[in-house]
Amino acid sequence: MSDITINNMSDQYFDVLKEIGNIGAGNATTALSQMLNTKVDMKVPQVRLMEFKEVGTTMGGEEQIVAGIYLVVEGDITGSIMFMQKKESARNMVSKLMGKELAGEDFTDMELSALKEIGNIITGAYLNSLSTLTNLTIYPSVPEICIDMAGAILSVPAIEFGTIADKLLLIKTEFTDDVDLSGYFILVPDEESYGKILHSLGF
Amino acid sequence: MNYYFGEERYGNKMPQIIKVGIADMNICYPPDTITTIGLGSCVGIAIRDVTTKVGGLVHIMLPDSTMVKSNQNLAKFADTGIKELVLKLESLGCSRQHMVAKIAGGAQMFAFQNKTELTGIGAQNTEASKVALRGLGIPIIAEDVGANYGRTVIFNPENGAYEVRAVGKDIRTI
């Protein structure tokens, strides 16, 4: 059934994956907007097949300090999803959620926990819509958070993908509220999951 | 018209910083330096011939090329990547007896990574790198590995300095 591999993906398949990113991130952005009670816009998703050595550059610099919330996905679709934003943006988001200015440079445990929960809710919204659309079962893991260089954080899904391919396919959607929030949703399905997603939609 | 004094000194060329990506490698001659940014669970292995002062850096992301089916990219794995770098240095007139290595990276970025099949991939990468270097008879003279943070490294083949930078930490030269 999985005759679709990342080496024979047509433009049409890319468009379908882009649409999946659009729907998923659309729901996630709505959830985020409701939670923070502010307007959040999203950009047109990008589907990129990239060499590992390019991976770090996808987030505006490998040394950019970012907060990555990472969930492993199991079920019919396997892979991982990451919700990633610049550290400043993450601080603003937590500050909005908790209704107070954050003291100090680093996150407290409570603030980290809040950030994890934001990640949990919005990646949940992303995966829910993906599951509904494709009628496939998706179980996300407990979220984990890491605040570090973008290159180091993105190497984690890259390593998972590295065991099966020499390139990484990711579905990336950027969101922003034009003021102080901006970040990305990055969905990295395993190679065999592409076939499953596309087949479930009639390809 | 050329106003760069530095270019004359270095044979018409300013010192460059050569960049190595994930699953990538390169060679470096003084006065250039070589860097790789954002080592997470990956390991950056810097090898240098102390007599010719030619160095190289490989950024590996997986421990063992025989365990996975897509293994065309030699620089992706500790076993093949380190060997390839050593062969390349040898082809440039370096000798294995004069080579020394420094390694950095091999962190565990996310707490739950050990629950997946890739058990502690950072530790595995570190161990595989050590095994590969030992197999080639190249001593490891310094290391900065493990923990849970990312590292950026800059290697200078002139003096063998291996600079390790991490977020919120002082620069460390090993």
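The numbers here are math on the coordinates, done by the rules we state, and not lab data. None of the values given here were measured: they were computed from a predicted structure. With ideal geometry, Cβ positions are generated from the backbone for all residues, glycine too; neighbour counts draw on all protein chains shown.
Key figures for this structure:
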| item | result |
| --- | --- |
| Segment A:98-185, relative contact order in percent, only Cα pairs under 8 angstrom and at least six apart counted | 15 percent |
| Within straight-line cross-link reach of residue A:100, aspartates and glutamates at Cα separation under 18 Å, skipping those fewer than 8 residues along the same chain | A:88, A:109, A:111, A:117, A:180 |
| Restricting segment B:18-115 to trypsin sites (Lys or Arg not before Pro) in coil, as DSSP defines it, with at most 12 other Cβ within 10 Å | B:69 |
| Lys, Arg +1 and Asp, Glu -1 on Cβ, resulting dipole of the protein assembly as shown about Cα centre, debye, nearest 20 | 660 debye |
| Sparsely packed GluC sites (Glu not before Pro) within segment B:41-144, loop by DSSP, other Cβ within 10 Å at most 15 | B:117 |
| Residue-averaged [θ]222 nm for chain A, counting only DSSP H segments that reach four residues, each worth -39500 (n - 2.57) | -14500 deg cm²/dmol |
| Simple Cβ-charge dipole of segment B:16-173, Lys/Arg +1 and Asp/Glu -1, about Cα centre, in debye nearest 20 | 80 debye |
| Extreme residue, positive dipole direction of chain B, given options B:16, B:43, B:27 (C-beta unit charges) | B:43 |
| Principal-axis tilt of helix B:121-135 within chain B, Cα atoms, nearest 10 degrees | 60 degrees |
| Relative contact order for segment A:11-200, counting Cα pairs under 8 Å that sit 6 or more residues apart, in percent | 38 percent |
| Net charge, residue B:96 excluded, C-beta distance under 14 Å - Lys, Arg +1, Asp, Glu -1 | +1 |
| Above-threshold pairs, the threshold being 26 Å between Cα atoms, out of B:53/B:102; A:196/B:69; A:53/A:86; A:43/B:19 | A:43/B:19 |
| Within segment A:69-141, GluC sites (Glu not before Pro) in DSSP loop having at most 10 other beta-carbon neighbours inside 10 Å | A:101, A:105 |
